[in-house]
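Worksheet for the structure shown next.
The values are calculated or read from the model by the stated rules, or taken from the named source; none is laboratory data. Note that this is a predicted model, so its numbers are computed, not measured. No Cβ is skipped: glycine too gets one built from the backbone with ideal geometry, and neighbour counts run over all protein chains shown.
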Amino acid sequence: MHLLGILEHQARAPDLSLQLAFGRQDGSARAPCPVRRVPGLDARTRAPVELDALLADTRPDVIHVHNVMNPDVLERVGALGDVVKVVTVQDHRFFCPGKGNWTLDGQVCDEPMSRSLCRKCFSDDDYFREIHDLTRERFDALEGFRVVVLSHYMKKELGLPAGRVTVIPPFVHGLEDDGGESGPPSVLFVGRLVDAKGPRDAVEAWRRSGIELPLVIVGAGPLGADLSPAEVVGWVPHARMGSHYRRASAVVMPSRWQEPYGIVGVEALTMGTPVAAWESGGVSEWHPGPLAPWGDVDALATRLREACGRPAQAPAGLEPELLMGRLADVYG
């Protein structure tokens, strides 16, 4: 949705021609420009991809690579001459071979990637060597790009020279209160139902808070059957999330991995819904505070009680026009 928001704003420029090349899509949204599927573009490991026809047909002045993990594509695009090359580093997969600056024994990691240090986060030597080398290849491929990250936290963790990296947060896009979600006020969790996002911590913080509102969980993943007594509604199209945020008295956000940014929280604040969250990654860059210390479920329960029913405002400085202006400066 971040990429589609960028494209929709760019499409308003009368002198700009856009083309979106993708490897895979889920069919939930449409781009405001011509699209072309390029097999292999969505590969998470090194795989050959046919780019020559695409480049010959479009003859681009700017190539913006977004959420591409295939080192072969990154290296080939980065080596192109006479083209402005921009890459968005959206998460940890360029500088952390593990779980997202969250160690095997469940602690926050703020150390730079190294073979000896990162080995401690893996139980399988062969898999560690494979994923470490893949992560290093992605990082090394950034050499040919102008780099955009979502938060100052990501800029620090990436470790590139400051002048090569621009911080441009994602902006809220495509949310409407369509009236599709009815019911009593709730506490809301939104995210993948995996340990890194902390859905079980959300259930426990809600339980300890004593709040007499239902906990609604929006998302899909392997932990979906392990979150009783919460109401797990499954995956919801992004355009229908506005009504879920409006129904909620608060959003709970116990991210165990270090959040690259935390767009769910900004979406909630934009819809007037307060957020109770752990201090994780880039969350402090948009959250008005106070945050609960990372990993402290009791403190999160306290923040959740304080948040419920409290009016919230969207953070300043995240207006789409402002952020798109910063991206235009990167394009040059």
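Beta carbons closer than 7 Å, at least 6 apart along the sequence or on distinct chains, pair a first residue in region 64-78 that is touching a residue at least 60 places away in the same chain (Cβ under 8 Å) with a second that is part of a loop (DSSP other than H, G, I, E, B) for Asn67/Gln90; Met69/Arg44; Pro71/Arg46; Leu74/Val68; Gly78/Phe145.
The listed residues are Leu322, Leu318, and the only one of them that is closer than 29 Å to Gln10 by Cα, aliphatic (A, V, I, L, M), free of Cβ contacts under 8 Å to residues at least 40 places away in the same chain and out of contact with any Ser or Thr (no Cβ under 8 Å at 6 or more places or on another chain) turns out to be Leu322. Number of residues in region 92-143 that are assigned to a helix (DSSP H, G or I) and either crowded, with 16+ Cβ neighbours inside 10 Å or under 21 Å from the mean Cα position of the chain (by Cα) (or both) equals 16. Restricting Val77, Val65, Val49 to residues that are part of a strand (DSSP E or B) and buried (at least 17 other Cβ atoms within 10 Å of the Cβ) narrows the list to Val65. Does Asp42 satisfy being surrounded by 14 or more Cβ atoms within 10 Å (Cβ to Cβ), closer than 30 Å to Gly198 by Cβ, of a type in the set (D, E, K, R) and without any contact (Cβ under 8 Å) to a residue 40 or more places away in the chain? Criteria met by Asp42. Hey, could you check region 45-64 for residues that are in contact with a Leu (Cβ under 8 Å, 6 or more places away or on another chain) and not hydroxyl-bearing (Ser, Thr, Tyr) and say which is nearest to Val147 (Cα to Cα)? Here the answer is Ile63.
In region 283-299, the residues that are in contact (Cβ under 8 Å) with a residue 40 or more places away in the chain reach residues that are charged (D, E, K, R) with C-beta atoms within less than 7 angstrom, at least six apart or across chains, in these pairs: Trp294/Glu279; Val297/Asp201; Val297/Glu204; Val297/Arg208; Asp298/Arg208.
For region 243-263, the criterion of being farther than 20 Å from Ala301 by Cβ, of a type in the set (Gly, Ala, Ser), modelled with pLDDT under 95 and surrounded by fewer than 18 Cβ atoms within 10 Å (Cβ to Cβ) is met by no residue.
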